[in-house]
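Computed from the coordinates by the stated procedures, all read-outs in this text should not be read as laboratory data. These numbers come from a predicted model, not from an experiment. Neighbour counts run over all protein chains shown; Cβ positions are idealised from the backbone, glycine included.
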Amino acid sequence: MITYGKEQATQIPCGLFILEGVNSRGLPTLRMWQPKASKPFAAYYYPTEEAKQKALNNAIRSMELHEQRKQARKLERKGQKTRTSVIKSALRKKFSEYQFSVTKGTGTACGWIHVDVDAPRTAFCFCKIDQPYCSQCRERSNMIHSEVYKEVVDSLAKENMSLSHYCSDDGYGTERSELLIHISFPKLS
Ligand SMILES: [Zn+2]
């Protein structure tokens, strides 16, 4: 088994492990490890002490940058999660008679928000089959759609957030919201 000497290395505040030394020609050496790695990402000797110090400073700097980016991504993810959670809690509060599922798209569709609504049927429903819905159910579905849409927009506005938009290909480039609301009624048994 090859040992790289990490057990003798010292961990510095940025998280890197370093091991300084002198080689057989009397030149300064430096080995550096990522926090969890057993193999060093750098194991070199330098012509001068200054050159070694410079290499160490560069490694520390890039470690700090990496950490900053990690933190920024974390905050960003938190922000996206908040948009769906803001909508979810607003809808549940406003329409306690419905069941909601609020999710966001992934990858290139990550701006899209999907709201699935499970609502009870109206007493005036005269559906004979599950789909398509009768005119009473369609009317009720349209009504729920606009109520939910309004609440989604209002709840985001209160938090200084908004829906994403895309240009539709209707020939006018009309802006549309990246929001999909799907309403379901219970299956007929
Ligand atoms: Zn119906």
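Can you tell me how region 91-135 classifies by the Cα gyration tensor, rounded, prolate or oblate, using a/c under 1.5 as the rounded cut? Cα axes put region 91-135 in the oblate bin.
Against the main long axis of the alpha-carbon atoms of the chain, helix 49-94 sits at an angle near 10°. Beta bridges assigned by DSSP with both partners in the chain are antiparallel in approximately 80 percent of cases.
Partners of LYS104 within straight-line reach, counting aspartates and glutamates whose Cα lies under 13 Å from its Cα and excluding those fewer than 8 residues away in the same chain: ASP116, GLU178. For the chain, the dipole from Cβ point charges (+1 on Lys and Arg, -1 on Asp and Glu) about the Cα centre works out to 540 debye, to the nearest 20.
Packing-based ranking of 165-178, 18-31 yields 18-31, 165-178, ordered from highest to lowest mean Cβ neighbour count within 10 Å. Taking label positions 7 Å along the Cα-Cβ direction at both SER89 and LEU75, the computed distance is 2.1 nm, reported to one decimal. Taking amide H positions as modeled 1.01 Å from N, with prolines and chain starts lacking one, the residues under 5 Å from HIS165 and 5 or more places away or on another chain are GLU178. Think of the chain as having a plus end and a minus end, set by charges on the Cβ of Lys, Arg, Asp and Glu; of MET161, SER177, HIS66, HIS66 sits farthest toward the positive end of this dipole.
Label-to-label distance for ALA43 and ILE12 is 1.9 nm, based on points extended 7 Å past Cα in the beta-carbon direction.
With the crude spin-label approximation of a point 7 Å out along Cα→Cβ, what separation in nm comes out for ASN58 versus TYR166? Result: 4.4 nm between the two label points. Under Stokes-Einstein, with the Kirkwood radius over Cα pairs as Rh, the value for the chain at 4 °C and 1.567 mPa s is 59 µm²/s. Computed from phi, the 3J(HN,Hα) profile of region 103-108 under the Karplus parametrisation 6.51, -1.76, 1.60 (θ = phi - 60°) reads 9, 10, x, 10, x, 5 Hz, with x in place of Gly and Pro. Only DSSP H runs of four or more residues enter the estimate; each adds -39500 (n - 2.57), and after division by the residues of the chain the mean residue ellipticity at 222 nm equals -13500 deg cm²/dmol. Cross-link check: pairs LYS74/LYS150; LYS36/LYS74; LYS54/LYS74; LYS93/LYS128 evaluated at a Cα-Cα cut-off of 24 Å; pairs beyond the cut-off: LYS74/LYS150; LYS54/LYS74; LYS93/LYS128. Counting only Cβ charges, +1 for Lys and Arg and -1 for Asp and Glu, the dipole size of region 6-78 around its Cα centre is about 480 debye.
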